[in-house]
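Trainee: Attaching a single structure in structure tokens format; questions to follow.
The values are calculated or read from the model by the stated rules, or taken from the named source; none is laboratory data. Please read all numbers here as calculations on a predicted model, not as lab measurements. Positions of Cβ are backbone-derived with ideal geometry, glycine not excepted, and every protein chain shown enters the neighbour counts.
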Amino acid sequence: MKIAAIDIGSNAVRLYIGRPLHEDLQDTDFKSVEFTRLPLRLGDDVFKNKEIGRRKADLLIKAMQSFALLLEIYNVDAVRVCATSAMRDAENGEKLAKDIRKITGLKIDIISGKEESRLVQAAILDSLPGKSTFLHIDVGGGSTEISFIRNGKIKQYESFNIGTVRMREGKVKPTEVQRMLKWLSELPLPAGETVKAIGTGGNIVKLHALAGTASGEALNLHHLKSTHFYIESLSHHDRVYELKLNPDRAEVINHAGSIFIQIMESCNIHEIYAPNVGLKDGIVKQLWKKRFRAKKS
């Protein structure tokens, strides 16, 4: 049994194929069979011109053709393709999705920010301590999704058009930042209880590693800020060759740091965990649970 997810993001397009470790369990982990990440950076076009240009559209079509071949080669049993902020905002997003389906046979679901958040949460909720309180922060290229989780359940969540590629292009509206800060200020954070953050997305995983934090341990705000300030002091060249970041990551990781720091400071949160999961993992888990329940019934 192999299940696949394709995540069409504002900065990169990802294909993930996983195999359930225990086919007799609904809540199981997955072994990675294939993972491919292509830095197409669709948001570069969308946040400037409100549409995906011809060159990037052609690259996306070629990427999806390649992914379709890999799905066939690996004999994948189920796949879901989800597109997020860039395709949501692109005036030609729906048309491009239809064109890709005609060419490749792959149906693209252009999902809302809330659906994106729900899928990412599906990848992390099972592993959270039931009695704790968390703020889940998922920072992407075009948007940031934030969820307030208490006793293992999502109490409140919202999506904001604040993302790393938008910030780099100077396209984040001050009113959107104010909306996010107002939403955060109104969260019913429990008095006297330590609230921790969970960060998802490739940038927080890389910040976690650059800060020297051990896997599974929380990164404290002080170390996050010092790591962020150090990255900001470096040129793009030094970020690539000294820190060994991919060029597309080197362009946006400082913006991701700013977003995480602002949210944590607003909520007086001092620690953040960075499990290496994201939208692709949530898609695969959702597909597996759907197939598992169908098989049992």
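Trainee: Which residue out of Lys182, Lys206, Lys153 is at pLDDT 90 or above, more than 24 Å from Arg37 (Cα to Cα) and among the basic types (Lys, Arg)?
Mentor: Result of the check over Lys182, Lys206, Lys153: Lys182.
Trainee: Also: Taking Tyr16 as meeting all but one of (1) buried (at least 17 other Cβ atoms within 10 Å of the Cβ); (2) among the hydroxyl-bearing types (Ser, Thr, Tyr); (3) touching a Leu at 6+ places or on another chain (Cβ under 7 Å), write down the number of the exception.
Mentor: Exception for Tyr16: condition (3).
Trainee: Right, another one. Which of (1) without any contact (Cβ under 8 Å) to a residue 40 or more places away in the chain; (2) in contact with a strand residue (DSSP E or B) (Cβ under 9 Å, 6 or more places away or on another chain) does Ile146 not meet, given it meets every other one?
Mentor: Status for Ile146: all satisfied but (1).
Trainee: Among the listed residues Ala57, Ala97, Ala90, which satisfies the condition of being in the same structural domain as Arg14 (by TED's automatic domain parsing), buried (at least 16 other Cβ atoms within 10 Å of the Cβ) and within 15 Å of Leu38 (Cα to Cα)?
Mentor: None of the others qualify; the one that does is Ala57.
Trainee: For the range 28-45: of the residues being among the hydroxyl-bearing types (Ser, Thr, Tyr) and outside any loop (DSSP other than H, G, I, E, B), which is nearest to Phe292 (Cα to Cα)?
Mentor: Looking at residues that are among the hydroxyl-bearing types (Ser, Thr, Tyr) and outside any loop (DSSP other than H, G, I, E, B), I get Ser32.
Trainee: Right, here's the next one. With a cut-off of at least 3 residues that are out of contact with any helix residue (DSSP H, G or I) (no Cβ under 8 Å at 6 or more places or on another chain) and closer than 26 Å to Asp109 by Cβ, name the helices (runs of 4 or more DSSP H) lying wholly within the range 182-297.
Mentor: Details: elements: 202-210, 221-233, 236-241, 247-266, 279-296.
Filter on the range 182-297 gives 279-296.
Trainee: Of the residues that sit in the range 77-103 and are outside any helix (DSSP H, G or I) and of a type in the set (S, T, N, Q), which one is farthest from the chain's Cα centre (by Cα)?
Mentor: Per the stated criteria, the residue is Asn92.
Trainee: Another question about this same structure. Restricting the search to the range 10-26, which residues are modelled with pLDDT under 95 and either closer than 16 Å to Tyr74 by Cα or not aliphatic (A, V, I, L, M) (or both)?
Mentor: Once the filter is applied, which keeps residues that are modelled with pLDDT under 95 and either closer than 16 Å to Tyr74 by Cα or not aliphatic (A, V, I, L, M) (or both), the range 10-26 yields Ser10, Asn11, Pro20, His22, Glu23, Asp24, Gln26.
Trainee: Just checking, which of Leu106, Leu69, Leu125 is in a loop (DSSP other than H, G, I, E, B) and more than 17 Å from Gly43 (Cα to Cα)?
Mentor: Checking each option against the conditions leaves just Leu106.
Trainee: While we're looking at this one, here's another question. Inspect the range 66-76 for any residue being surrounded by 16 or more Cβ atoms within 10 Å (Cβ to Cβ), among the small types (Gly, Ala, Ser) and closer than 22 Å to Ala294 by Cα and give the result as yes or no.
Mentor: No, there is no match, as no residue in the range 66-76 is surrounded by 16 or more Cβ atoms within 10 Å (Cβ to Cβ), among the small types (Gly, Ala, Ser) and closer than 22 Å to Ala294 by Cα.
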